[in-house]
Every structure is written in C-alpha cells, then in structure tokens.
Amino acid sequence: MERNYKTVLKAATAEIEEKKSRFIANVKPVFSEEEAIEFINDLKARFWDATHNVYAYYIFGDSVVQRFSDDGEPSGTAGMPVLEVIKRMGLCNVVVVVTRYFGGTLLGASGLIRAYSRSAAEGILAAGIIERIYCTKFQVTVEYALLGRIRNLIESEGFYLKDVIYGQDIDFIVYVPKNDTERFSKLLIEAANADILIENLCDEYISVDKDGKYIGT
C-alpha cells in the first residue's frame, strides 16, 4: 500500500571540520537498495584516498531496508549514528555517505558520534527535506464564470493546484491526497451546482515543501 513519507529533495553535499578532521556528507534520495549501493560505490571511488567512507540508508518498498557501515571506525561510532539521524528526522528513501579525512587528533567514541551525526544532519538539511504525498490527479473542467470560485475553493481547502489551462472552458489540474478524494469531488460539485466535469487521470506521488507547497512530482 502506498503511503506518504518524508525524504530529501535533491543530492547535496555539506562539509564540517572537527579537530582538523574533515567530514564530508553526501546525501541523495533513492528508491531502491541498488541505487543506494551504486551511490556509495561511486563515492568510495571518488574519495578513494579518504580515511573512512561511512554510510547509512533507509528505504521502504515492499519491505523496509536499512543498512549502515562504520568502514573501519570503532563499532557504533559512525554508521549507526548516521542512520539514527535519518530516522530521527523522520526520513526514508535516502542514503547518506560521510567521508572522513583524518586530521591527526583522535576524537574518541563520543566525539566521533557527534561529528558523524552533525555531518549527516548538515548534509540532509543541504539536500532539503520534503514530503512525498500519494495523490489522485484530477482534471476539473468548468465554464469561465466559475473560474474564481473553483480556484479559491481548491486553494483554500488545501488541495494542490498544478496548472490552470485556458481554452474553450477552464481546466484545472489538481492533486488530491488519496484519503480526501471523496470530499474533493463533493465540495466542487456543490460549489458548481453540478455544472462541472471531474476526471480522474491517475495516481502518483507529488512533492511538497516544509510549508506544504506543491513543488513537483
């Protein structure tokens, strides 16, 4: 069953320094374990001379897949803290690789946990947190006289207006969360006194930002 979830918008990089050690976080949205592994391997090849390439990913599909690696750091000080940041921020379908170049000063277990956690969080914030919402895509057709009323209703009720097409009539392209489709149809039919055509186009995910604004599919 499809469900809504939070992930990151795009691939991004963030870097911090801790006692002269460089920690470089690379973050990417992914949809399969194979995609995550490819990303990890690409970064291992790119940063072949690094002291460590620590990673974690959390992916859901037919089942949940979560993996992490300390890549030579003391057990529990690197990969697990990165995974915990992903989960604490409520994200899935994301992979984080934190590359470390040792600066000559030992950080200790607590210092490593803080550094890897902070680096992962900075990378995630740079990638931008979004919500993926499973919706039904509708095309709504009305006469020009109903343009203002229907548009205001769509926007005020929290549905996601993708486009307005001006032709012989007005066509609105609207995304509606799956659990709200009946209310959507009822509200629009009442507002238009049934003088309206509502066509179900497809079901798909859309992305919305932290303010709930539609930003794409």
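Hey, what do the phi angles of the range 128-143 turn into as Karplus ³J(HN,Hα) couplings, whole Hz, using 6.51/-1.76/1.60 and θ = phi - 60°, x for Gly and Pro?
Running phi through 6.51 cos²θ - 1.76 cosθ + 1.60 with θ = phi - 60° gives x, 8, 10, 10, 9, 10, 7, 10, 9, 8, 10, 10, 10, 10, 9, 6 Hz.
Let me know the volume per residue of the alpha-carbon convex hull for the chain, in Å³. Don't skip to the end; give the middle numbers.
Numbers: hull volume 28.0 nm³, N = 217.
Output value, Cα hull per residue: 129 Å³.
Helix 147-156 versus the longest principal axis of the chain: what is the Cα-based angle in degrees, 0 to 90, to the nearest 10?
Roughly 40 degrees, rounded to the nearest 10.
For Val176, what charge total do you get from the other residues with a beta carbon under 9 Å from its beta carbon, if Lys and Arg give +1 and Asp and Glu give -1?
Numbers: positive: Lys137, Lys178, Arg183; negative: Asp180.
Its environment carries a net charge of +2.
Can you list which of the trypsin sites (Lys or Arg not before Pro) found in the range 147-217 are DSSP loop residues with at most 16 other C-beta atoms within 10 Å? If you can, show how the numbers build up before the last one.
Working: sites: Arg149, Arg151, Lys162, Lys178, Arg183, Lys186, Lys210, Lys213; in loops: Lys210, Lys213.
Answer by residue number: Lys210, Lys213.
How high is the relative contact order of the chain, in percent, with contacts defined as C-alpha pairs under 8 Å that are six or more residues apart?
23
Using the Cα centre of the chain as origin and beta-carbon charges of +1 (Lys, Arg) and -1 (Asp, Glu), tell me which of Tyr214, Ala50, Ser156 is placed farthest towards the positive end of the dipole.
The residue sitting most towards the positive pole is Ala50.
Pairs Lys28/Lys210; Lys87/Lys137; Lys20/Lys87; Lys6/Lys162; Lys44/Lys213; Lys10/Lys186: which are spaced more than 26 Å apart, C-alpha to C-alpha?
Listed pairs above 26 Å: Lys87/Lys137; Lys20/Lys87; Lys44/Lys213; Lys10/Lys186.
Can you tell me the orientation of helix 181-191 relative to the chain, as the angle in degrees between its alpha-carbon axis and the longest Cα principal axis, to the nearest 10?
40
Compute the signed sum of charges (Lys and Arg +1, Asp and Glu -1) over the other residues within less than 15 Å, Cβ to Cβ, of Ala78. Before the final figure, lay out each step's value.
Working: positive: Arg22, Lys44, Arg67, Arg100, Arg114, Arg118; negative: Glu18, Asp70, Asp71, Glu73, Glu84.
Neighbourhood net charge equals +1.
Values quoted throughout were computed directly from the atomic coordinates according to the rules given, and no laboratory measurement underlies them. Since we're looking at a predicted model, the values are computed, not measured. Neighbour counts run over all protein chains shown; Cβ positions are idealised from the backbone, glycine included.
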